[in-house]
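Report on one structure; see the data block that follows.
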Amino acid sequence: MSIDPRPIPRFVAEPPQEGLPYGRWAETLAKHFHDACTEVETDEPVGSTGPVTWFPERTMGERTYVPATASTSEGWELFGYVSYTREHEGAAAEDFEASADVTDETAEANPDWQIDLSDAELRPFRGDEGRRGMLTLVWGVSLVGGAVAASAELGPDTTDQCTIIEERFTLISLDAYTGDYLDVRLWGADGRELAAESLYEDE
């Protein structure tokens, strides 16, 4: 055994255990998401909210996160997540929390995009010698054909991966740590990299 020179959290979340939300469960989640959307503040009218698109759920610790997006009648996109806990596997969901934000940067307006990404900060991470980072929820849509998996890359380290379900994926990863920032990569069934994008590409 050798000492890890970079002790950071990797693969901290369980892989998706359920299919994409539907039926009454989707309606329950949508109510919490819509409530969070009503608190979003913008300088311009957002318009009415369209159907919610759900992404694979990921569980970290005792809390499960289900990301979501929804287009609006004014061309904006609402994005965020609903989270909850369960007392044990199979128990009813409880302790719901939801977060939402809005953007005018959409895949429809950017036909050159290969990945449509959204993200939300979850909680700070404190590393060795005063180093600080942020555990971040990242979700997206593959806009290239043939992608079967997505991975989170922080500098030299792969920190998470997710099987793509109906072109959608969800990752939880450390970000903004020791000068490294998160990249998302898409992979084909033959192991070839099909696309890559940084969360900070446009900043």
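Below, the figures for the structure above:
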| read-out | value |
| --- | --- |
| Residue among Glu39, Glu27, Glu74 that alone is loosely packed, with under 12 Cβ neighbours inside 10 Å and either part of a loop (DSSP other than H, G, I, E, B) or in the same structural domain as Thr163 (by TED's automatic domain parsing) (or both) | Glu39 |
| Index of the failed condition, Pro56 passing every other in (1) in a loop (DSSP other than H, G, I, E, B); (2) modelled with pLDDT of 95 or more; (3) of a type outside the set (D, E, K, R); (4) in contact with a helix residue (DSSP H, G or I) (Cβ under 7 Å, 6 or more places away or on another chain) | (4) |
| For Tyr81: the one exception among (1) closer than 23 Å to Ser142 by Cα; (2) hydroxyl-bearing (Ser, Thr, Tyr); (3) over 19 Å from the mean Cα position of the chain (by Cα) | (3) |
| Filter result for Ala36 (modelled with pLDDT of 95 or more, touching a helix residue (DSSP H, G or I) at 6+ places or on another chain (Cβ under 6 Å) and either within 23 Å of Asp101 (Cβ to Cβ) or charged (D, E, K, R) (or both)) | no |
| Residue match in the stretch 103-111 (condition: in a strand (DSSP E or B), touching a Cys at 6+ places or on another chain (Cβ under 9 Å) and within 16 Å of His34 (Cα to Cα)) | no |
| Those residues of the stretch 146-194 which are touching a Leu at 6+ places or on another chain (Cβ under 9 Å), free of Cβ contacts under 8 Å to residues at least 24 places away in the same chain and surrounded by fewer than 15 Cβ atoms within 10 Å (Cβ to Cβ), in sequence order | Glu193 |
| Enumeration of residues in the stretch 36-77 that are in contact with a Phe, Trp or Tyr (Cβ under 8 Å, 6 or more places away or on another chain) and among the β-branched types (Val, Ile, Thr) | Thr42, Val46, Val52, Thr59, Thr64, Val66, Thr69 |
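Let's see how each residue does on (1) part of a loop (DSSP other than H, G, I, E, B); (2) touching a residue at least 60 places away in the same chain (Cβ under 8 Å); (3) assigned by TED's automatic domain parsing to the domain that holds Glu193:
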site	(1), (2), (3)
Gly90	yes, no, no
Glu121	no, no, yes
Gly133	no, yes, yes
Trp139	no, yes, yes
Val144	yes, no, yes
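The values are calculated or read from the model by the stated rules, or taken from the named source; none is laboratory data. Just so it is clear, the model here is predicted, and its values are computed rather than measured. Cβ: placed from backbone, ideal geometry, glycine included. Neighbour counts: every protein chain shown.
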